[in-house]
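Novice: Below you'll find the structure I mean.
The values are calculated or read from the model by the stated rules, or taken from the named source; none is laboratory data. Note that this is a predicted model, so its numbers are computed, not measured. Cβ: placed from backbone, ideal geometry, glycine included. Neighbour counts: every protein chain shown. Only protein heavy atoms, including side chains, enter the accessible area calculation; ligands, DNA and RNA are left aside. Shrake-Rupley method; radii C 1.70, N 1.55, O 1.52, S 1.80 Å.
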Amino acid sequence: MGELNLVVLVKPVPDPSCYDRIEIDPATGALLRQGMPAVLNPADKHALEEALVLKERFGGRVAMVSMAPDSASETLMEGLAMGADEACILSDRAFAGSDSLATSRVLAAGIRKIGPFDLVLAGNESADGGTAHVPSQVGELLGVAHLANVIRMEVGPGGSVTARTRIENGYIEVRGSLPMVVGVRREINTPRYTSLMGVMAAQGKPIRVWRSEDLGVNAAEAGMEGSGMRPGKLSRPDYRRKGEILKGSHEETVRRIVAILRAEGVLG
Amino acid sequence: MPDRKRALWAVAEQTRGKLASVTPEVLGQARRLAAEAGGCEVAAILLGKDVGALANDLLACGADKVFLVEDPALELYQNDTYGTVLHRLIRREQPEVVLFGATAVGEELAPTVAARLGTGLGAHCTNLALAPDGLLTMGVLGFGGRLHTEMFCPDRRPQMASVKPGMFPPLPREEGNGEILREEASALLSGADIRIRTVRIVKEEPEGMPLEDADVIVAGGWGIGGKENWRLLTELARELSGATGCTRPALDEGWTDGEHTMIGTSGKTVRPKVYLGFGISGSPHHTVGIKDAGVIISINSDPRAPVFECSDYCVEADFRKILPLLLSEIRRAKVPA
């Protein structure tokens, strides 16, 4: 088999370690994200790693595609430093408010614009929204085979694919062939670190920015208008409880716990 | 607006003739929604090979009717075959709402079908409500359980949602006298573009009591520090005839029995009578999974651990001191006087 055209879908997300600090603007009811640095969605790094390994084996190119604001270029540098050859940012005000299907339409248009592809990889889900819909929906829109929850994948000569997808208490083993879209889980590999060489090389790699007109995506297909889903009220779930502190010696504390267990009827 | 059939559908999931535990939960919730909205029909969709016996179970779990599609090609789940059949059935019958269990399979099948239908889909819903005018409110959690958002699909039909397992209790079984409709599978599958073949489905039922069935859960987090200490947790769980649960960091460290014991946004939602947490800091990723527990007791040496805020009882101590004492005290308490 010849070289592979590989596409990795990536999303800059607010750093998951900051989610404790999420606030809602009391006036507008909107989410306040300020002070939360953007990082590459953790699962997407596993998708990129898988693409880089395939490129090392078969040769080819790895393009990252992201529907994100222009400022995402900063976050995408990490992917370029890991070894991706180029990045394409699909950025337009008209994309704001896109649900997973509208997002997938934009991403599919970006993938088509890059040219023929063999394999599209994505993190199975994003850390912020986390619908896990995008890999399957991009596959549907591109009209190719697709798999979610991939934990193992082998591409054979001639473009055959065997893969395992994670299910509860087990896995599904499948066979297919390229082209394909896959959503990968973190179990699939360990993403490489960026090296100093990689960071330096990244400076010279192309980052393209494409608007809706470049992609041929019209207003009815993306953004609010192109989305079936509409967000309503946001709230912060309140899981607080009474928080009574059990004081006293360790022995006294343990007796209290046993008394609670007995009162709840779980001491057999 | 054309008059629509007011039907709620629940897509059943089965592997090798066994219903997924989320399926009765989804059906029960569909039944409750139907009552909320002033009465609509609840239908279950069942795909597979030789799975007809399960159709009666679906009736007993709350379905008024079951669309049964049996074919050798449907023996093993695959998104092209299952997606094609569901898409065609939905197009033909035009239900108002279609619900899936948010299992690994549902997580792939639901967006596949939603893309084909061009409609909206709520992901991993933890809340659902149906208004008399037929509008579905879908409550979803984002940002690792930190943010709750209400979502709607006002203009497109059907309204689709995947339902997080463990959120909605199933209804008590009631032998129903509903209707089982056998569909012609070859018609629903004809011309389908099958691009991936499922070779096999491997499932190993884990040993020990499932978290979902346990009255007591003894859970550990990163603070446990190693396999040696983890054994003490397992011992305590066994002593209490309960189950051992874990957080993501403890799972990643490899101390636990596996992913089926993980509690939280990417794991299970549990509702034991008593939850005992050791060495758990209490990130929302985890605490969202225990919000329905009866009593929450947390043991952590850090008085500022966020887990204390969402606990009923807090023990500010080193679990290494508490755990052995607790084990012997429980053993003593269980000896008949």
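Novice: Among the strands (runs of 3 or more DSSP E) confined wholly to the range B:213-330, which include 3 or more residues that are within 23 Å of the chain's Cα centre (by Cα)?
Specialist: Answer list for the range B:213-330: B:216-220, B:243-246, B:274-278.
Novice: Would you mind telling me which numbered condition in (1) among the hydrophobic types (A, V, I, L, M, F, W, C); (2) buried (at least 21 other Cβ atoms within 10 Å of the Cβ); (3) within 12 Å of chain B (Cβ to nearest Cβ) residue A:76 fails?
Specialist: (3)
Novice: I've got another one for you. Name the residue that is most open to solvent (accessible area, probe 1.4 Å), counting only residues in the range A:12-51 that are within 30 Å of residue A:160 (Cβ to Cβ) and within 13 Å of chain B (Cβ to nearest Cβ).
Specialist: Ranking the candidates gives A:42 first.
Novice: For the range A:64-92, give me each residue that is among the charged types (D, E, K, R) and without any contact (Cβ under 8 Å) to a residue 40 or more places away in the chain.
Specialist: Scanning the range A:64-92 gives a single hit, A:74.
Novice: Give the range B:70-86 a look and list any residue that's assigned to a helix (DSSP H, G or I) and open to solvent by 30 Å² or more (accessible area, probe 1.4 Å), or say none.
Specialist: Matches in the range B:70-86: B:72, B:73.
Novice: Still on this structure: Being more than 27 Å from residue B:186 (Cβ to Cβ), modelled with pLDDT under 95 and either in the same structural domain as residue B:104 (by TED's automatic domain parsing) or not hydrophobic (A, V, I, L, M, F, W, C) (or both), is that true of even one residue in the range B:49-61?
Specialist: no
Novice: A further question on this structure: When you check residue B:92 against the structure, is it open to solvent by 20 Å² or more (accessible area, probe 1.4 Å), part of a helix (DSSP H, G or I), over 16 Å from residue B:7 (Cα atoms) and assigned by TED's automatic domain parsing to the domain that holds residue B:41, yes or no?
Specialist: no
Novice: Being of a type in the set (A, V, I, L, M, F, W, C) and touching a Ser or Thr at 6+ places or on another chain (Cβ under 6 Å) is the filter here; which residues of the range A:131-160 pass it?
Specialist: A:134, A:138, A:141, A:147, A:148, A:150
Novice: Continuing with this model, one more query. With respect to residue A:208, is the statement that it is assigned to a helix (DSSP H, G or I), farther than 26 Å from residue B:289 by Cβ and open to solvent by 80 Å² or more (accessible area, probe 1.4 Å) true?
Specialist: no
Novice: Tell me which residues, restricted to the range A:221-236, are farther than 16 Å from residue B:121 by Cβ and within 7 Å of chain B (Cβ to nearest Cβ).
Specialist: Listed by number, the residues that qualify are A:233, A:234, A:235, A:236.
Novice: From B:292, B:312, B:257, which residue is among the charged types (D, E, K, R) and open to solvent by less than 50 Å² (accessible area, probe 1.4 Å)?
Specialist: Testing whether each residue is among the charged types (D, E, K, R) and open to solvent by less than 50 Å² (accessible area, probe 1.4 Å) leaves just B:312.
Novice: Six or more apart or on different chains, Cβ atoms under 8 Å: show the pairs whose first residue is in the range A:52-63 and of a type in the set (A, V, I, L, M) and whose second is open to solvent by less than 70 Å² (accessible area, probe 1.4 Å) and part of a helix (DSSP H, G or I).
Specialist: A:52/A:82; A:62/A:48; A:62/A:51; A:62/A:52; A:62/A:55; A:63/A:114
Novice: Go through the residues of the range A:252-262 one by one and say whether even a single one is facing another protein chain (nearest Cβ under 9 Å), under 30 Å from residue A:92 (Cα atoms), open to solvent by 20 Å² or more (accessible area, probe 1.4 Å) and not aliphatic (A, V, I, L, M).
Specialist: The answer is no, given that none of the residues of the range A:252-262 is facing another protein chain (nearest Cβ under 9 Å), under 30 Å from residue A:92 (Cα atoms), open to solvent by 20 Å² or more (accessible area, probe 1.4 Å) and not aliphatic (A, V, I, L, M).
Novice: From the list B:181, B:135, B:130, pick out the single residue that is touching a strand residue (DSSP E or B) at 6+ places or on another chain (Cβ under 9 Å) and open to solvent by less than 40 Å² (accessible area, probe 1.4 Å).
Specialist: Every option except B:130 fails the conditions.
Novice: When you go through (1) open to solvent by 20 Å² or more (accessible area, probe 1.4 Å); (2) at pLDDT 95 or above one by one for residue B:283, which number turns out not to apply?
Specialist: Unmet for residue B:283, out of (1) open to solvent by 20 Å² or more (accessible area, probe 1.4 Å); (2) at pLDDT 95 or above: (2).
Novice: Report, ordered by the first and then the second residue, all pairs with beta carbons closer than 6 Å, sequence separation of six or more or different chains, a first member in the range B:274-297 that is within 7 Å of chain A (Cβ to nearest Cβ), and a second member that is open to solvent by 10 Å² or more (accessible area, probe 1.4 Å) and of a type in the set (Phe, Trp, Tyr).
Specialist: What qualifies is B:287/A:239; B:291/A:239; B:297/B:313.
Novice: Further question on the same structure: With the condition kept exactly as written, say whether any residue in the range A:155-162 is in contact (Cβ under 8 Å) with a residue 12 or more places away in the chain and either under 17 Å from residue B:123 (Cβ atoms) or crowded, with 24+ Cβ neighbours inside 10 Å (or both).
Specialist: Scanning the range A:155-162, I find no residue that is in contact (Cβ under 8 Å) with a residue 12 or more places away in the chain and either under 17 Å from residue B:123 (Cβ atoms) or crowded, with 24+ Cβ neighbours inside 10 Å (or both), so the answer is no.
Novice: Right, residue A:221: under 23 Å from residue A:70 (Cα atoms) and among the charged types (D, E, K, R) or not?
Specialist: Taking the combined requirement at face value, the residue satisfies it.
Novice: Determine which single condition residue B:93 fails, assuming it passes every other condition in (1) away from chain A (no Cβ under 13 Å); (2) within 20 Å of the chain's Cα centre (by Cα).
Specialist: (2)
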